[in-house]
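What follows is a short report on a single structure.
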Amino acid sequence: MTNPTFDFDLFVIGGGSGGVRAARMAAQRGARVALAEVLGTDGLGGTCVNVGCIPKKLYSYAAHYGEGFEESHGFGWEGEKPTLNWSTLKANRAKEITRLNGVYGNLLRGSGVTVFDAFARITGPHGIALATLNADGSAGHQAFTAKHILIATGGTPHVPHFVGREHAITSNDIFDLEPFPQRLLVVGGGYIASEFASIFNGLGSKVTQLYRGEQILRGFDDEIRHFVAGEMRKAGVDLRLNADVVDIRKTADGLRVECEGGGVVMADAVLYATGRVPNVKDLGLEAVGVAQGAQGEVVVDAHYRTNVPSIFAVGDVTNRVQLTPVALGEAMVVVDQLFGPAAGKPPRDMSYEFIPTAVFTHPSIGTVGLSEQAAREKFGAITIFRSEFKALKHTLSGSTERTLMKLVVDTASDRVVGLHMVGAEAGEIVQGFAVAMKAGATKAVFDSTIGIHPTAAEEFVTMRDAVKS
Ligand code: FAD
Ligand code: NDP
């Protein structure tokens, strides 16, 4: 399998979710593998570990404690509400992320991957140039050849142009913000904007969220979007729809944000979460002739191969489904294809149907399959089951938070084609149902499943009466 004509069998550019998985698995199959990460050992794990999923979820847990202290009074707990020590949270998060960076480094080196602390550029179908630092601090340069090159360089936040753009921060900056923003303005209505609006609201900021459209979380089930927006407002987020920023000016009292239509919001920090663009700058794609799309994304075929046959790409740089488990799945398919599947296993395949996802708003969203709207377009006749209730916990907690669960069924086949939830631990609940749905579970199978009592999840198997068909 290994080819002595080249320095390596596989050269992976980027040490994030997709890159680390591909490098490690290929090396375990006996391939000679190198991986370059521009941020060095500190960057191993990529966006998800350093400035994405993991620190975000840790801060979400932190925010839930704030709610939990208030809710505990109804259960008999007494005393003053503790205050947040933002520095402690930041320091503990940083320590955990450093530990994870180390785990990733050990996994790679333990599998025999050669790790370079360098920016990588593609110089030809089999050529890679690394910009490194010499021991004396001067700029160095190394060149290698590889039979296959995998681009796994991820994405980076995109902030549109407007007057005062330099005052805006992105999700890359929010984790270490100093001081804690007592007033936070969040711009955008996608995953990142909605999650951070909820998280900082829970941590104690006065949060305003501006979204340019009719409702946040475009693409999700409409009812879920409206429901979660209502719950976020109840929790304290000042969500303003059909709203955008005209300019941001620095004043003695903080950042003065002029909004379209004349409103003004004063803030200590303005988080722009207006989408991400592929990381392709200076990667050498044009020179080598790798085809790119309108956002710069690397264009790949169904096997993650670019138009240059020795060059592949996975993850956010392809600008398709920007989720860590998707990048991991794609990486595994590439490895199986190039170096053979794991012993005794068939080659992996990647399906983009029924990808479950969670939005870690407060309360959170969990969803898998089609929205009511998309299912109606696809199947014509659909049946909707719906349950909205106050979770048992909140009968004593004093919280007015409500939970929504919804099933979308293809009437002709009885198959459950969409499952959606807004409520506590939605991601944890929906993950298991995603397996059933991939397996083609019908509503009759859901009905014949015994619930676990008392849980919120049992509602998914006890919805008897259709609300719409
Ligand atoms: P990345 O993880 O971004 O890795 C790319 C790596 O390549 C980076 O380390 C970068 O430094 C390096 N690199 C770039 N160019 C070069 C170069 N030329 N040479 C060397 N190295 C280079 N997904 C979820 O599934 N669940 C979540 O809860 C979730 N939360 C998120 C929260 C936030 C705030 C953000 C921003 C993203 C979140 N995501 C989440 C998305 C997830 O982080 C990405 O989908 C995932 O990290 C993509 O993996 P990747 O391998 O494609 O790229
Ligand atoms: P999204 O694409 O999810 O959302 C971008 C938001 O910004 C949309 O509401 C969009 O509006 C708005 N927007 C875009 N351009 C402008 C503009 N010029 N002015 C005003 N608003 C604008 O991107 P995110 O940055 O939130 O997240 C990137 C990706 O990362 C997500 O799509 C997701 O795949 C992944 N992610 C996953 C998470 C998870 O799994 N829990 C958490 C965080 C991120 P419009 O809808 O009108 O286009």
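The values are calculated or read from the model by the stated rules, or taken from the named source; none is laboratory data. Model, not experiment: these values are computed from the prediction. Because the Cβ atoms are built from the backbone with ideal geometry, glycine has one as well, and the counts that use them run over all protein chains shown. All accessible areas refer to the heavy atoms of the entire protein, side chains included, with ligands and DNA or RNA removed. Shrake-Rupley method; radii C 1.70, N 1.55, O 1.52, S 1.80 Å.
Helix 426-438 versus the longest principal axis of the chain: what angle, 0 to 90°, nearest 10, using Cα atoms?
Relative to the chain, helix 426-438 is tipped by roughly 70 degrees.
Give the accessible surface of the chain per residue, rounded to a whole number of Å², with probe radius 1.4 Å and ligands, DNA and RNA excluded. Can you show the working numbers first?
Values: 21500 Å² over 469 residues.
Heavy-atom accessible area per residue stands at 46 Å².
Using 0.36 nm times the number of residues separating Y352 and S448, minus their current alpha carbon distance, what extension gain do you get?
Details: separation 96, 0.36 × 96 = 34.56 nm, distance 2.79 nm.
So the extension gain works out to 31.8 nm.
How compact is the chain by the rule of thumb for globular proteins, expressed as Cα Rg over 2.2 N^0.38 Å? Can you show the working numbers first?
Values: Rg = 24.0 Å, N = 469, 2.2 N^0.38 = 22.8 Å.
Scaled against compact globular proteins, the figure is 1.05.
What order do you get for 308-316, 321-329 when each peptide is scored by the mean count of other beta carbon atoms within 10 Å, highest first?
Per-residue Cβ counts within 10 Å, averaged per peptide and sorted highest first, yield 308-316, 321-329.
Give the lysines reachable from K56 as a straight Cα distance under 19 Å; neighbours fewer than 8 places away on the same chain don't count.
K90, K95, K206
Once phi is turned into θ = phi - 60°, what whole-Hz ³J(HN,Hα) does the Karplus curve with 6.51, -1.76 and 1.60 give for every residue of the stretch 281-294, x standing for Gly and Pro?
4, 6, 7, x, 5, 4, 4, 7, x, 6, 5, 10, x, 4
How large a share of the accessible area of the chain, in percent, is made up of carbon and sulfur atoms when the probe is 1.4 Å and the other protein chains stay in place? Each step should come with its number before you reach the end.
Values: 11610 of 21500 Å².
That share works out to 54 percent.
Packing-wise, with mean Cβ within 10 Å as the measure, how do 245-254, 408-417, 80-89 rank, highest first?
Details: 245-254: 13.6, 408-417: 19.0, 80-89: 11.7.
Order by mean packing, descending: 408-417, 245-254, 80-89.
Order R276, R212, R305, R233, most accessible first, counting only protein heavy atoms with a 1.4 angstrom probe. Kindly include the intermediate steps, with their values, before the conclusion.
Working: R276 45, R212 180, R305 80, R233 110 Å².
Largest accessible area first, the list is R212, R233, R305, R276.
Treating cross-link reach as a plain straight distance, find the aspartates and glutamates whose alpha-carbon is under 13 Å from the alpha-carbon of K406, omitting any fewer than eight places away in the same chain.
D221, D222, E223, E372, E388, E458, E459, D465
Relative contact order of the chain, please, whole-number percent, based on alpha carbon pairs below 8 angstrom and at least 6 residues apart. Please list the in-between numbers first.
On the way: 976 pairs, mean separation 68.8, N = 469.
Normalised by residue count, the contact order of the chain is 15 percent.
Please list 146-152, 178-184 highest first by mean number of surrounding beta-carbon atoms within 10 Å per residue.
In decreasing order of mean packing, 146-152, 178-184 become 146-152, 178-184.
Taking C-beta distances below 4.7 angstrom as the pairing criterion, name the unpartnered cysteines of the chain, in sequence order.
C259 - these cysteines have no disulfide-compatible partner (Cβ-Cβ under 4.7 Å) in the chain.
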